[in-house]
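Here the structure is laid out as structure tokens; the discussion comes afterwards.
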Amino acid sequence: MRISDLPEILTVKQIAEHIGWHPNTVYLRCKSGELRSFKSGNSRRIRKSAYIEWMAKLERQERV
């Protein structure tokens, strides 16, 4: 799935499936503040723009 096909508000599970990580790993990145998110009831939600920014940051770190 392409990033452009993702909804504007994502769940931890959607991001985990998109990048092939375990949901707990994504949740910990959210909880630490590394991946900007917000609480919606008992769940974490991530704006697509925050996800794109975070992915770009990971890519920049990978090149160093």
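The values are calculated or read from the model by the stated rules, or taken from the named source; none is laboratory data. The structure presented is a predicted model; accordingly, all values stated were derived computationally and were not measured. Cβ coordinates were reconstructed from backbone atoms using ideal geometry, including for glycine residues, and neighbour counts include every protein chain displayed.
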What are the residue pairs meeting all of these: first residue in the range 17-34, first residue surrounded by 12 or more Cβ atoms within 10 Å (Cβ to Cβ), second residue not in a loop (DSSP other than H, G, I, E, B) and not hydroxyl-bearing (Ser, Thr, Tyr), Cβ atoms under 6 Å, and 6 or more apart or on different chains?
PRO23/VAL12; PRO23/LYS13; PRO23/ALA16; VAL26/VAL12; VAL26/ILE15; VAL26/ALA16; TYR27/VAL12; CYS30/ARG44
Kindly indicate whether GLU8 is surrounded by 13 or more Cβ atoms within 10 Å (Cβ to Cβ) and of a type in the set (Asp, Glu).
no
Out of all the residues in the range 38-64, which are of a type in the set (Lys, Arg) and either on the phi > 0 side of the Ramachandran plot or surrounded by 12 or more Cβ atoms within 10 Å (Cβ to Cβ) (or both)?
ARG44, ARG45, ARG47, LYS48, LYS57
Taking the range 45-54, which residues are over 16 Å from SER32 (Cβ atoms) and either among the hydrophobic types (A, V, I, L, M, F, W, C) or modelled with pLDDT under 95 (or both)?
ILE52
Every residue from the range 20-48 that is closer than 20 Å to ARG2 by Cβ and within 9 Å of the chain's Cα centre (by Cα)
VAL26, LEU35, ILE46, ARG47, LYS48
